[in-house]
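I have placed the structure first, in the form of C-alpha cells, so that the comments after it can refer back to it.
Every number here is computed from the coordinates shown, using simple stated rules; none is lab data. Keep in mind the model is a prediction, meaning the values are calculated, not measured. A quick note on method: Cβ atoms are made from the backbone with ideal geometry, for glycine too, and the neighbour counts reach across all protein chains shown.
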C-alpha cells in the first residue's frame, strides 16, 4: 500500500466528497521512519549489522523479526511506483528484457526497477541480503523471486503452503511447521544468531495486537454512515503489512482506532451524505485510486469494507508461536476455495448491511480474479444484491479504459436510485 497516496488523500478530500483522517499525519511519520530504516538498515543495530530481506506480503515476517532481519516488500514498492505514475516505464524495461506483459505488473515493475533503479521512485529498493517467498498468495512469486535471487546472488527461502480446499488439516499444518523449523535453521546460518523463542513469542504477541486493532477499526464501518471508505482502508493498511510484530504498528493503529471510534460516536461518515453501501473485492486500482472512487462518492456511495485489506484482519491461530505461524499463514484467504471466499463476501454484505458489491477483475492477479465470476453469481444469488465487475489492473494503467469503466459504474449506481 503506497503511503505516498496519503498526501493526495488530504489534498483532494474536499473535492472528492469525503472526510480526511487526521491520523494520516501519523501514518506519514510512521511509514517515513520505516522507509528510512529500510534505506539505511545496514547502520541500524551495530555492532551486529541488520540484514535486509525482500519478502512477499504473505511471508511470516514475525520469524524474520526474531532474527533482527528487516523486511522490505517489492509489492508495496510496486504500488508506490504505480501511485507515482512510474509503472509503465518500469514495466517497459522488464518487457524489453523479455518478460511478458501477461505477467503480474508488480513483478514487472519491480524487475524493471532492479534493472533501471534510476527510473524508480525512492531510488528503487536497497539491495537485499536474502529473499523470502511464500506461495500462499500466488505462484508467480516463486519464479519472480528466483529471478531476483539469480540477479543479486543471495539466498532464497521458500515456504510452500498447500492450497486449502476445505479446512486446515493436521497434516497440512505439520507440513508447513516442518518447513518453518527448517527455515529457522537456515536463518541461524545466514545471520549467525540463534532463534530466540522469547523474542519470537513477543513478535507474535505484538502482531496479534496489531491484527486485533485493525480488525476492530474495520468493524466500526458497520455503523451508518461508515467512518471509512475504500481509499482510507487501502492507504491505512500499510503498517499492518510492513510493521507486523512491531510496537510502532501498535502505536499507529491505536491512534487510528481512536479517531474512527470518535467518528462513529459523532455520526461522521467518510463519504458526505452516504446513501449507498458497497463492498469491494480484489486489490485496489492504484493508479486510479481517487478518480475511480470519486465516481462512487459523488453519488453518495461508500465502500464500507473489502476483502483485500481484510486479509490482514484474520485472527492469529492458537498454539505455540511456530504452530500459530504455520496455521495463520496457510489459512490466508487467497489460499482458500472459491466457496470459502464467496461465503466471506456474503458475510461482509450482511454484517455491513451493504446494498451491493464491486469486483475488480485484476489482469495481474490471477489467483484473486479467475474465480470471481463463480463467486459473483453465488453471492448475488445468496444475498439478492447486485454485483458489478470492473476490468482493470492493480498497477499498470494501460489496462484501464476510463470511458467504459465510467459508463459501467454509472449504470450500476442507477440501480440504487430508489434508495432514500
**Report entry** Degrees between helix 402-414 axis and first principal axis of the chain (Cα, 0 to 90, nearest 10)
**Finding:** 50
Report summary line: Highest mean packing first, using Cβ neighbours within 10 angstrom, the peptides 148-155, 298-305 sort as 298-305, 148-155
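Going by average Cβ neighbours within 10 Å, how do the peptides 216-222, 25-31 rank, with the highest at the top?
Values: 216-222: 19.7, 25-31: 18.1.
Result, highest mean first: 216-222, 25-31.
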Report summary line: Between the alpha carbon centres of segment 226-276 and segment 353-391 the gap in Å comes to 24
Query raised in the report: Cα atoms only, segment 158-249: Rg and Dmax in Å?
Result: 17.5, 53
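Across every pair of different alpha-carbon atoms, what Kirkwood hydrodynamic radius in Å does segment 237-292 reach? Don't jump to the answer; show the numbers that get you there.
Working: mean 1/r = 0.0713 Å⁻¹.
Evaluated over segment 237-292, this radius sits at 14.0 Å.
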Query raised in the report: Binning every alpha carbon pair distance of segment 222-346 at 10 Å from zero, what are the percents per bin?
Result: 11, 36, 37, 14, 2
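Relative contact order for segment 331-420: what is it in percent, counting Cα pairs under 8 Å that are at least 6 residues apart? Don't skip to the end; give the middle numbers.
Numbers: 85 pairs, mean separation 23.9, N = 90.
Rounded, it is 27 percent for segment 331-420.
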Query raised in the report: Using the C-alpha gyration tensor of the chain, what are the square roots of 5 times its eigenvalues, in whole angstrom, with the largest one first?
Result: 33, 24, 22
**Report entry** Acute angle (nearest 10 degrees) that the helix 140-152 long axis makes with the longest principal axis of the chain, alpha-carbon atoms
**Finding:** 40
Query raised in the report: How far is it, in nm, from the label point at residue 371 to the one at residue 391 when both lie 7 Å from their Cα along the line to the Cβ?
Result: 2.3
Report summary line: Relative to the chain, whose Cα atoms define the longest principal axis, helix 87-96 and its Cα axis are tilted in degrees, nearest 10, by 50
Query raised in the report: What order do you get for 337-345, 81-89, 93-101 when each peptide is scored by the mean count of other beta carbon atoms within 10 Å, highest first?
Result: 81-89, 337-345, 93-101
**Report entry** Of all DSSP beta bridges in segment 5-414, antiparallel share, percent nearest 5
**Finding:** 5
Query raised in the report: For segment 21-155, what size does the Cα cloud have along each of its three principal axes, sorted from largest down, in whole Å?
Result: 41, 38, 29
Query - Relative contact order (%) - criterion: Cα under 8 Å, at least six apart; region: segment 5-414 - result: 19
